[in-house]
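Where a number appears in this text, it was derived from the coordinates with a stated rule and is not lab data. Not measured: the values here are computed from a predicted model. Counting neighbours? That spans all protein chains shown, and the Cβs are built from the backbone with ideal geometry, glycine included.
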Amino acid sequence: MNKKKFYLALVVFSFVGQVAWVVENMYFNVFIYKMFNASAGQISLMVGASAVAAALTTVFIGALSDKLQKRKIFMCAGYIAWGVSILSFAMIRLDVISAVFGVTAGAASLAVTLVIVMDCVMTFFGSSANDAAYNAWLTDITDATNRGRAEGINSMMPLLAVIAVFGGFMGFDLGLASSWVWIYVLIGGLVLVIGVLGFFIVEDAPAKKPDDIGYFATIFYGFRPSVVKKNAGLYFTLAFFVIFCISIQVFMPYLIIYYEKTLGMSDYVIIMAPAIILAAVVTALYGRFIDKTGFRTAVWPSLGMLAAGYVLLYLFPGVVNVSGVAMKVPVFIGSCLMMSGYLSGMAVFGTKIRNDTPEHMAGRFQGLRIIAQVLIPGVAGPAIGAAVLKNADVIVNSDGTESFIPGKVIYLAAFIVIAVLAAGLAVYFGLTRGKERTEQK
């Protein structure tokens, strides 16, 4: 593949896809919280339902793309459909729901239900295009000599997407329904346009001789005991990846609400932007470190940064005056470490998983990756978060309704999960020292 086209496709599809996922993962929660007074339980349900949809979609579409030996059509057509589905959220408003369904008292509850259903529909198209096709394409088009570098770029995109979304949302009052209409129109339109652009810049990897197993056999290929035994290292990595992602999902659904409501940071975008930029730089550079040192070395600094970020966010959420300017310095440093650890960790695990994936079978293994990254963490993480926030403080809104206030305990819970991961990795590395194949340096 043409190198310039490859990097253009990598950056464009990864960045825009992550913008869409940031809106879903970080702002759908804010959307139903602000517009419809959703509870922690409803937020947890939405995240869990979307996780199930993502996993099932990636299993079936990933296997189909393997059988057809086509990634491009799923990527491009999928992004177009993804964009259209995002546009549909512009119609989920109390005035529209009341007019269409003839209800008033239960309009907010119905709106939350519609958002959860449409989130699953949107996730189907997004996971087909991004989780299944794009990630399989990226595995196909790279090899062990450059995957760390490519994964470093790929893994920094969520942070760059957060910057773009935070900055773009500064011009909107998220308490107004009209602001959300514009947000969904702009994001949906952008994703749709990238899908069209993809037909001109994406090239499929060279096709191999097709195998002789059927479609359904391809779907369940990664679940075969013989395949698990043959690729034991991959499955252990996926198991540890599950724990890593659970830690992230304990706090992530409540992150923006925590900054804005719990800490009272109405200017959280301005404060968070520098932290995000620093974390993005760390993540971009970390890819080279992964290529040089391998998984066993590179995983520890990422976990260390993540754990240190949790500790600071839990212990020191106070305000410190710097040159007469009130800044939440511990929050800034803690957020920078947390985000750096999160994204560099994603790069470490992502590179290891791609390196251990059997050649020409990337599609059928994407479902397993999404089960590890999205399904199990998307159910377990928010459930842990909701459990520790069960007795959270509440505030009374201007309309008389109540909303919960997420506490810093979510970072303590996330830290405990990451400590379990570190202990598990230490035991595994000790037991397999000298037995695992030499990693690419």
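Cβ-Cβ contacts under 9 Å between residues 6 or more apart (or on different chains), taken from a first residue in region 179-202 that is free of Cβ contacts under 8 Å to residues at least 24 places away in the same chain to a second residue that is of a type in the set (Asp, Glu), are listed as Ser179/Asp173.
Residue count for region 259-274, restricted to those that are part of a helix (DSSP H, G or I) and over 18 Å from Val409 (Cα atoms): 7.
From the list Val59, Val47, Val52, Val16, which residue is surrounded by fewer than 23 Cβ atoms within 10 Å (Cβ to Cβ) and in a helix (DSSP H, G or I)?
Sole residue among the options that is surrounded by fewer than 23 Cβ atoms within 10 Å (Cβ to Cβ) and in a helix (DSSP H, G or I): Val52.
Test Met46 against the criterion of being under 26 Å from Leu159 (Cβ atoms) and in contact with a helix residue (DSSP H, G or I) (Cβ under 9 Å, 6 or more places away or on another chain), and give yes or no. So Met46 fits the description; yes.
State whether one or more residues within region 347-354 are more than 21 Å from Leu312 (Cα to Cα) and either surrounded by fewer than 23 Cβ atoms within 10 Å (Cβ to Cβ) or of a type in the set (S, T, N, Q) (or both). For region 347-354, residues more than 21 Å from Leu312 (Cα to Cα) and either surrounded by fewer than 23 Cβ atoms within 10 Å (Cβ to Cβ) or of a type in the set (S, T, N, Q) (or both): present. For a quick check of your reading: which helices (runs of 4 or more DSSP H) sit entirely within region 69-173 and have at least 2 residues that are farther than 27 Å from Gly48 by Cα and free of Cβ contacts under 8 Å to residues at least 60 places away in the same chain? In region 69-173, the matching helices (runs of 4 or more DSSP H) lie at 94-101. Does Ala49 meet the test of being farther than 26 Å from His360 by Cα and either touching a residue at least 40 places away in the same chain (Cβ under 8 Å) or over 20 Å from the mean Cα position of the chain (by Cα) (or both)? The answer is yes for Ala49.
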